Amino acid sequence: MQIDILKQKDELFLLQVRLFRLAQINWNVDSKKCSEIFNKYEIYDYIETCYDFFHIQGDEENFHDIMAYLNTKGFSL
C-alpha cells in the first residue's frame with residue numbers, strides 16, 4: 001500500500017513537470033513566468049485533482065484541458 005502511494009506521488013510529480021514544460025514551450029515563456037502562472041492559477045493543484053483522468057491521457061490533451069480551465073479563470077498572456 002505504501003509503495004503504491006509513493007509510486008502515484010512520483011507519477012503525479014512527473015506529470016506536473018511534463019505539463020509545466022509543455023506550457024512553457026507553448027506559451028514561449030521562461031520558467032519563472034511559467035511558475036508564476038502555475039502558482040497564480042493553482043495549476044499544480046488542478047493537475048493533482050485531475051490525476052485519475054490525466055494519467056491515462058496524453059500530455060497534449062491534458063494541456064488542452066488545462067487551457068480550458070485557465071480560460072474559465074480569465075487567463076491570457
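The values are calculated or read from the model by the stated rules, or taken from the named source; none is laboratory data. Computed from a prediction, not measured in an experiment: that's the story for all the values here. FYI the Cβ positions are ideal-geometry reconstructions off the backbone, even for glycines, and counts take in every protein chain you see.
The set of residues in the stretch 20-47 that are touching a helix residue (DSSP H, G or I) at 6+ places or on another chain (Cβ under 6 Å) and in contact (Cβ under 8 Å) with a residue 40 or more places away in the chain comprises LEU22, ALA23. For HIS64, the conditions (1) loosely packed, with under 11 Cβ neighbours inside 10 Å; (2) modelled with pLDDT of 95 or more are fulfilled apart from (1). Would you say PHE63 is aromatic (Phe, Trp, Tyr), part of a helix (DSSP H, G or I), within 22 Å of SER76 (Cα to Cα) and out of contact with any strand residue (DSSP E or B) (no Cβ under 6 Å at 6 or more places or on another chain)? When the stated conditions are applied, PHE63 passes them. Among the criteria (1) touching a residue at least 12 places away in the same chain (Cβ under 8 Å); (2) within 14 Å of LEU22 (Cα to Cα), the one TYR69 does not fulfil is (2).
Of the helices (runs of 4 or more DSSP H) lying entirely inside the stretch 1-55, those containing at least 3 residues that are modelled with pLDDT of 95 or more, surrounded by 11 or more Cβ atoms within 10 Å (Cβ to Cβ) and aromatic (Phe, Trp, Tyr) span 2-27.
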